[in-house]
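Encoded as structure tokens, the structure appears first; notes follow it.
Every number in this text was worked out from the coordinates using simple rules, so none of it is lab data. Small disclaimer: the values here were computed from a predicted structure and weren't measured. When we count neighbours, we look across all protein chains shown, and the Cβ atoms used for this are built from the backbone with ideal geometry, even at glycine.
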Amino acid sequence: MITPMRVFVLIFNARTENEGIHTIREGDRNKILMFESEDDATRFALMLEAQDFPAPTPEPIDAEEIKEFCESAGYEWEIIPENSNLVVTPPELNVEKTDWQEDAQKEDTVEDTFPLNQQPLDEPELSDSELEKIRRKLEGLL
């Protein structure tokens, strides 16, 4: 099977310093789901939210980048093909405290999240005024 260039993963607190990626624990291993379809990723995120899990955001990312991240962190990964008959549902048990929640109690359950950005944040390459200009142009396209 050929891995798609762009996949969707579920991110908690997207684009913040406290960002985390959704994983599923299988035994003593963690697995990141890589969705080929944004709709499938959104559907899975809504199922998590329905289970009283914090709402993740489906984020597009290069599949090779996620694979490298998984290798460096010792995680597994699974591609969820678009339009497949594979029905993906979240486990019934969730971790109460995640690495990006500081004050909750952690329970030993099936599902977990881990920081995606484990390296220090660099200074932005664009100034605030440049970013604001780009934001206005993008909003104009909508």
Q. Residue by residue, what Karplus-based ³J(HN,Hα) values in Hz, rounded to whole numbers, does the range 57-67 have, using 6.51, -1.76 and 1.60 with θ = phi - 60° and x for Gly and Pro?
A. 10, x, 10, x, 7, 5, 4, 5, 5, 5, 4
Q. Between Ile80 and residues 5 or more places away or on another chain, which pairs have amide H atoms under 5 Å apart, with H built 1.01 Å from N, and which residues are they?
A. Met34, Phe35, Glu36
Q: Using a cut-off of 10 Å between beta-carbons, work out the net charge of the residues near Pro58 (Lys and Arg +1, Asp and Glu -1, Pro58 not included).
A: -3
Q) Tally Lys/Arg at +1 and Asp/Glu at -1 over every other residue whose Cβ is under 12 Å from the Cβ of Glu139; what's the total? A) +3
